[in-house]
Structure formats: structure tokens, C-alpha cells
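Single-structure report; data block below.
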2 protein chains.
Amino acid sequence: MTKPTLLTLVPEEINKIKAASLEILERTGVNIDHAYAREVLQAAGAKVDGERVYFPPKLVIEAIAKAPRQFSIYARNPKNSIIVGAGDPVFAPGYGAPYVTLASGLKRKATFADFIKLAKLSGSSSNMGISGGVLVEPSDIPEQDRHNVMLYACMVNSDKPFMGSATGEKHAKDSLRMAATLFESDNGIPKQPVMISLINTITPLMLDERMVGALIAYAEAGQPVIIASLGMAGATSPTTLAGTLALQNAEVLAGITLAQTIREGTPVIYGSASSITEMRNGSLSIGAPEGAWIIASAVQIAHSYGLPCRAGGCVTDSKTLDLQASYESMMNLQVAGMAGVDFVLHAAGILESYMSVSLEKFIVDDEICSIVRRFLRGTKIETEDLAVQLIDEVGPGGQYLTADHTYQNFRTEFWPPTLSNRETYDQWRLNGSLPMINQAEKRVNEIIDNYEIPYLDKSIELKLKEMAGI
Amino acid sequence: MTKPTLLTLVPEEINKIKAASLEILERTGVNIDHAYAREVLQAAGAKVDGERVYFPPKLVIEAIAKAPRQFSIYARNPKNSIIVGAGDPVFAPGYGAPYVTLASGLKRKATFADFIKLAKLSGSSSNMGISGGVLVEPSDIPEQDRHNVMLYACMVNSDKPFMGSATGEKHAKDSLRMAATLFESDNGIPKQPVMISLINTITPLMLDERMVGALIAYAEAGQPVIIASLGMAGATSPTTLAGTLALQNAEVLAGITLAQTIREGTPVIYGSASSITEMRNGSLSIGAPEGAWIIASAVQIAHSYGLPCRAGGCVTDSKTLDLQASYESMMNLQVAGMAGVDFVLHAAGILESYMSVSLEKFIVDDEICSIVRRFLRGTKIETEDLAVQLIDEVGPGGQYLTADHTYQNFRTEFWPPTLSNRETYDQWRLNGSLPMINQAEKRVNEIIDNYEIPYLDKSIELKLKEMAGI
């Protein structure tokens, strides 16, 4: 029952990248647009010059050592609590897309109705460990209310863990207060980790005021954060994948060092989202094989520090749910899974290099998630599994269909597909040979029509509603 | 520049499977429907009882040790000669499908015209190392002539290595004579390895007269063979993947033992094609994640014997070129590539669990092959690649687009897609947003219309034509 393991770097290569990152942090430093963060880091030993913060290697190495290799995020339904870093990847749905692409291929600005549908798809999926964060950007909700309304929708439509707002200290504190209300904590802060938030660096080598503000608020409250870097090799990071890894690593370490300096032991996830630039038009490519290679390599680097890693997802550059979307999504999720990733943001729904989400793609990606999970489970290689006695009994030219062994094992050994079609050609034709996108469309409607919103105490729901201003 | 490596088994598990296979070969044995093969094996130490051959472990272990870890197959154009087992996988197109699925979705019996088109697609592909074998079964050619006509078409339409007929001793000898003619060898046998042939066992534990006859003919002539097993877990092999691996391994070792007993050092490839049975209808599933897991594991087992391995391919259970075909093909090829496979049969074109081939899918799969090859290439992690100096010069908030380093590196570091679309949404819409299947259809026609048949001496061509009876 060995866990499949993909290795792209040898230890010597990992050490070279890590040494380069420490050199970057010490020599070039990071611009941090947040006075308090700079003060705290300076007090811990960093050199500060204007906005620039230079990190001595010792500070970084000691800070990383304080972060846990695994941690729990508690759900209001205890059955849905998750452990990050325990071996199985946690999947979270697509995050941050401003558009929705319909089954017809048409694309439009996302709305709050789309958001709720996605929260229900996520809530019903046995693969998603997280209900959602910015499932889409609901254009019909005023920007200043959006973060609270989205959080309310995630909290109410699902009893899984959720993601907090990362758009500044104030929004993060709103998220913390709502989480405290949901978990009935008196002091405005949840008593244990109940949410996770996405803190992005600005590549190259910048941390902006909003992200740092949110990071500090969550770290002070002991709530987990993902510190992620998205270098576009050739545009915002070096063209060489080695250079992009070194730069990404430096940025993530800067964020983690800040988080641990604010509060020792803050649960953090090392986040890798870097890929390459399509040089013909300067746009980000998240479906490129180089991006997949970075995913696998980043997981190894994170693990070498004893940190859980976020990378991958069913991500694609395709504008529509087509062949390209399908093979790029499988490539990226499979590579992340095999590399041993701990947390997968964008595990379902993303199209068009993060610009859009498709509800039908969510369903197809959910199938890909379950395929990858089956692969990662592997199989037992014990004496009884090798079945030498059975093979002797069946003998040359025999069959196994009617063997007891078959009936005893096939349900646990074989993954049952939901969408993937294994009918014979004739069966498939006679059953209508409905394209997968249309099957997915039907399933979207079935799930949403039959979705049961999990019980939540009315008084809590009302308080949350009030806090969300709806 | 480490080669990405996927591991699914630890050495202890590999040893357990290998021990089980030796036990199966000694205790249960294999039915071999070929008197001469039984004689040869008996003389080498096997116990024979009727058709049943029992292999002592010593015979098997010694035979495997005689097979080379790598070998060359020489093409008539030396630039197209290949090395099997040298690290990079050799790709060969789909093999043996009786049907062709058209871009319209319609399916019909394959014809010789389809065969020639596929030979040209394969000849033009920079990913395919082999022109073809049974690219499709041409239903319009009488069965007794088919093997020679197909071989002629592969030999003439491409100057890459090709695959010989495996349908019995007579057909194999026809293939050998044609190869000798192409390579101007006088004695009816090519002087060096110039072709490879696919020898399938019949699971469980049988080798039939035709396959053994061909195997012996090729082994005697020093021509490489793939010895492959296709267990359908739950139907023709145990439901447990461990049991299927043990049974598959036993069958492949039986074939390799025979090949090495016939002629020491015969170049052989360990072939794994096993997967699971879809229990709802008893059909073979080649798109299942369990099949992908078997692929990765078989590569490790083969390599532990010091044998090159054939596994994987862009294979799918889907009846049409759709989302399922796309993600299953990527999954299977990627797993094989990462596991370090040496030879990939069915690298392009296969649909419907080997029943059909699609020319458009050939084009899409060719893109998947080149994506996987880019991933497998990895990247260099040397000081200059880490670009610490450049990162310092660019500094926080800078850009890399105009850096010399970018222009020096992006062409070698970034894979240029052919089909995968990385346009912005607006570009994509303005450029017609042509579905990939239609793009592939256009490319099929372009390739075939512009295909230049490589030069071949007229007198040789005429001799081959005569031998093929056309």
C-alpha cells in the first residue's frame, strides 16, 4: 500500500534552489508595504531600508522550523473536519474567477446566484474538503459587502470548512468575527482553526498592504493561511524554471517568516502557483507542462522544509470545456497528487487561466479528482492479494468472473465511475450517447435541485445574516 | 536535469510480486500450444506435461539475465533509428483496431485507405518513433494478404522502424523476408534489428500456436519482440491488482524465457497491458485509474529485472473524441512516461478500448505526447539557471520580459503548443474559436495532402510490392 510518489528533483537540486532563495532574501530582499510588518521583522533581526526588508538566513530558517507539518481545520460538522498534511490531499474548488462560462459556451460576469450554485456543488461533492472562498466574484454584490456575503453563503450552504477574506486587515477581521459567531466564540476569534485564507505575494518580491494586513490578522488569531506565489516565468520571474522556483521560494519563505514572527506555530501552507508566460501574447499559461513540472518540484521543496504544500488543481488555459480543458486539468491534478501535494486550490471548475468558472466543468473535474484519488490509493500487496492459490485453482485458460475472490474484492478494488463511460458501443448508442458536457449540465441541475442545506441554529444564522448585511 | 520518476511500489513489494510469479510458473505452469517450444523448454530444464510447461525458477531467472536492458532498432533512414531502454520512451501509434471513428462521430470498418493515412500521420509526427504495425485492420484487404500489404505500406510511406506480423510463423517469416529485402540482406533475414513485433499471451497462462510461432521466428532472426500480457482483472486475472500483476508477470516471464532459450540475447520488451473489467458489463476498461496504476507498477517490475518495458499509451474507453478520451489519454500516457516506460504502443489514435481509431484523435494524442515529453525533460538546476544575479538586478516590482536572459532561454525552456490554445478570450473569439476536433481534422488533411513519401530505391520498392502481392 505504498503511496505513489513523483520526484522531479534530487536532494542536491533542492538544496541549490533553497540556497539561492536565502541569498535572494538576504541580498535583494522583499518590499513589504506594511509598516507594522516591517517593525516586527526588524525586531526579529531583519534589516529594513524604506519598504525593503532584508532577511538574514538564520531568521528565515528558524521561522520555518516553527510552522507545523500538519494541522487540522475544524468544521461545524465534525465529520467534515480536515487534516492538512496528513498524506491525502485536501481539495478546494476554484477561487477568484470574475466570469462564468455557460454550457452553451457563452461567458458572462458571475453573479451571486452562480456563487450559491457553486457552494452547493462543492457542499455535495465527496471530493471537496472545503466549501469555498471566492467561488466566483459576484458582480451583482457591491464590492464593500462582497467578502461578507460570500462567506455567509459558504457558511450557510455547507458545513465544511471555508476560506476567509484576504482583501485587507478589515475584511479578514470581518471573516474572523463571522467565524467566531458560527462557532459561538465570545471574543470575536474562533477558539481553534476553522478556516483557511489565501495570501498571495506580488511577484517579483513584493507583499502588498492588503495581503499583509490579512496575513497578520489571521496569524494573530491562529487561523491557517496559504502563502502563495505566482511567478509568470519570462514576465514576472526568470524564464528558467530553476530561477522561477528560487524566486517563488524566496517570496513564500518571506511570508511564512512574517507569519511565524507574528505568532509562532501559525499553521501555514507553502503555496506554489507559478507557471510560464505564453510569449506570443504575454499571458499567463496555467496549462503548460512547465507549470506542471513546477507544481511537482514545489511540493518537494515545501516538504523538504517540513511544510505542507498547496499546488495544482484542475486548471487550464482553455476558454471552454473542451479536449484541452480536459487533458490540462488531468495533467495538473495528477502531477500534484502524485507529487504528494497537501492542499489543492482550484480543484474544480476553472477555465481560461483562472478568468472563468464553468459549473459543468466543476462536475467533470470532480470526476477527475476521484480518478486521481483512486490512483493515489494504490493497492495492498499482501500474500492474500497476490492470490497464487486462486491462480493455481483457475489454471491456464480459466476465468475469474465467478470466483468468490472476485465478488469479495471488486467493490473495494475498482473505482466506480460516475461520468466516464464504459458501455459497449452499442449500449452507448442505444442509451443516447449524451455528450459529457450535457451529462454534467444535468447533474448540476440535479444536485442543485436536490441539495439539502445543512442544519444551522436559526439564531446563529440570523446573526451571520446581519453581519453580512443581507 | 533529473528525470521525473514515479514510484508506486517499494522494493519489498516488487520482490513479493516476483516471488509469487515464480511460484505460479513452477507450480501452475503455462499452457504452450507449440510442440517445438515445449521441446526447447524441456531441454532447458522445464517440466512438460501435455501442453503444460512448468518453469523452474532457476531457468526463468537465468533466461531473464540474458536479455539486454537496451537495444537499437535500425531504420532505413539512419536519423530515424531508435534506442529502446535508453531513458526516453519510444512512441508507436495505435495497433490492431478494426474500426475507424470519423470526426462526425460515425464509426465504420477500417480500410486500407485509412491505414495509409495513419502511416502518413505517423511518418510525419516528430513524436512517433515507429511508423506502425497494424495501424488499423484494413477490412478491404483479404485476410491472408493483409499482413504483407500492411507491412509494405509502413515500409514505403515512412523511413522509420516498423512492426512485423505476429500472426504465426509463416506471417513472421514473410515479414522477415520483406525486411531483408528492404535492407538488402541476401539470406532472407535482416542483418541487424530493424523491426519489432508484438507477441501477446492469452490470459490466464496460455501461449497460443500463432504467437509462439512468430516469437520463435523473430527470436531466431535476432529481431526484437514485445512479450505482452493483458489481464482483465476480475475476468481473466485476479480482481486484486497485486494478483493481476503477479499473473501478468508470470506470463511475460514465460515468453521471455522462451525467447532467450531460443536465442540468447534476443532483444525483448516486457509488455504490460493489463487493466480491469467493468463489472457492470464484463468489458475491458483501459481508461480506469487501476489500469494506470498497473502501468506504473509494471514498469518498476520490468526495470527491477533489467528489462525495458512497454506500457501505457493514449488509451481510453470513450467511444468518441471527447472529454473522457482526453483525460484518460493524458492520465495513461503521463503515468507511463513518469514511471520511466521505454516503449509506448498505442501512443496515438485509440478509442473505445482498442476497438477503434480516430485520425483526429491521433493529432490530439500527438500533442499530448509532446506535452508529456516536455514534462519528462525537466530542467537544469545550475547556478546560471537559478539566476540570482538577474533576480537582484530586476529587484522587487521589476519585470523580466525585456531581460536578455528571457530571450536567451524561452525557446529552449518553453514548449510551443500546436493545438493547445493560449489566446486571450477575445483573440480566441475573433479567430473563430474552432473546436480542437475541427482543428485536428484540418491538420489531418494538411499532413496527408503535403506528405512527402521518403525516397526508396525503385527496384526495392518493386520487389516489396511483389512480395506484398499488390
Between a first residue in the stretch B:24-47 that is under 26 Å from B:LEU245 (Cα atoms) and a second residue that is of a type in the set (Lys, Arg) and at pLDDT 95 or above, which pairs have beta carbons less than 6 Å apart while being 6 or more apart in sequence or on different chains? B:GLY29/B:ARG52; B:ASN31/B:ARG52; B:ILE32/B:ARG38
Just give me the residues in the stretch B:407-438 being touching a helix residue (DSSP H, G or I) at 6+ places or on another chain (Cβ under 8 Å) and part of a helix (DSSP H, G or I), in sequence order. B:GLU413, B:TYR425, B:MET436, B:ILE437
Can you tell me which condition A:LEU205 does not meet? The list is (1) without any contact (Cβ under 8 Å) to a residue 24 or more places away in the chain; (2) within 14 Å of another protein chain (Cβ to nearest Cβ), and all the others hold. (1)
Does B:VAL335 satisfy being buried (at least 24 other Cβ atoms within 10 Å of the Cβ) and either more than 9 Å from every other protein chain (Cβ to nearest Cβ) or not in a helix (DSSP H, G or I) (or both)? no
Could you list all residues from the stretch A:163-191 that are open to solvent by 50 Å² or more (accessible area, probe 1.4 Å), within 12 Å of A:ALA219 (Cα to Cα) and touching a residue at least 40 places away in the same chain (Cβ under 8 Å)? A:GLU169, A:LYS173
Can we say A:LYS319 is in a helix (DSSP H, G or I), among the basic types (Lys, Arg) and either at the interface with chain B (Cβ under 7 Å from one of its Cβ atoms) or at negative phi (or both)? no
Within the stretch B:59-68, identify whether any single residue is touching a residue at least 40 places away in the same chain (Cβ under 8 Å), over 17 Å from B:CYS309 (Cα atoms) and within 14 Å of chain A (Cβ to nearest Cβ), and answer yes or no. no
Need at least 2 residues that are surrounded by fewer than 15 Cβ atoms within 10 Å (Cβ to Cβ) per element, so show me which helices (runs of 4 or more DSSP H) inside the stretch A:30-143 make the cut, counting only ones lying wholly within it. A:35-44, A:57-66
Consider only pairs whose beta carbons are under 9 Å apart and that are at least six residues apart or on different chains; among these, list those whose first residue lies in the stretch A:397-418 and is more than 9 Å from every other protein chain (Cβ to nearest Cβ) and whose second residue is crowded, with 20+ Cβ neighbours inside 10 Å and among the β-branched types (Val, Ile, Thr). A:THR418/A:ILE363
The stretch A:281-297 residues that are over 16 Å from A:LEU9 (Cβ atoms) and within 7 Å of chain B (Cβ to nearest Cβ), paired with ones that are assigned to a helix (DSSP H, G or I) and among the hydroxyl-bearing types (Ser, Thr, Tyr) (beta carbon under 7 Å, 6 or more apart): A:SER283/A:SER353; A:SER285/A:SER353
Can you tell me which of B:GLU23, B:GLU13 is within 14 Å of chain A (Cβ to nearest Cβ), in contact with a Ser or Thr (Cβ under 9 Å, 6 or more places away or on another chain) and under 22 Å from B:HIS303 (Cα atoms)? B:GLU13
Flag for A:ASP174 being modelled with pLDDT under 95 and more than 30 Å from B:VAL388 (Cα to Cα): no
For B:ALA228, state whether it is at pLDDT 95 or above and open to solvent by less than 10 Å² (accessible area, probe 1.4 Å). yes
Within the stretch B:390-418, the count of residues that are among the charged types (D, E, K, R) and open to solvent by less than 30 Å² (accessible area, probe 1.4 Å) comes to 1
Is there a residue being assigned to a loop (DSSP other than H, G, I, E, B), in contact with a helix residue (DSSP H, G or I) (Cβ under 6 Å, 6 or more places away or on another chain) and surrounded by 24 or more Cβ atoms within 10 Å (Cβ to Cβ) anywhere in the stretch A:240-248? yes
Restricting the stretch A:254-277 to residues that are within 14 Å of chain B (Cβ to nearest Cβ) and touching a residue at least 60 places away in the same chain (Cβ under 8 Å), the residue that is farthest from A:ILE294 (Cα to Cα): A:ALA254
For residues that are in a helix (DSSP H, G or I) and open to solvent by 10 Å² or more (accessible area, probe 1.4 Å), tally how many sit in the stretch A:269-311. 4
Condition check for A:PRO161: under 22 Å from A:GLN70 (Cα atoms), touching a Pro at 6+ places or on another chain (Cβ under 6 Å) and at pLDDT 95 or above: no
Would a scan of the stretch B:419-435 turn up a residue that is open to solvent by 50 Å² or more (accessible area, probe 1.4 Å) and away from every other protein chain (no Cβ under 14 Å)? no
What is the residue count in the stretch A:345-369 for residues that are facing chain B (nearest Cβ under 10 Å) and either open to solvent by less than 10 Å² (accessible area, probe 1.4 Å) or in a helix (DSSP H, G or I) (or both)? 10
Can you name the condition, by its number, that A:TYR451 falls short on among (1) open to solvent by less than 10 Å² (accessible area, probe 1.4 Å); (2) more than 13 Å from chain B (Cβ to nearest Cβ)? (1)
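The values are calculated or read from the model by the stated rules, or taken from the named source; none is laboratory data. Worth saying up front: this structure is predicted, and the values here are computed from it rather than measured. In this analysis, Cβ positions are derived from the backbone assuming ideal geometry, glycine residues included, and neighbour counts consider all displayed protein chains. Remember, those area values only see protein heavy atoms, side chains included, never the ligands or the DNA or RNA. Shrake-Rupley method; radii C 1.70, N 1.55, O 1.52, S 1.80 Å.
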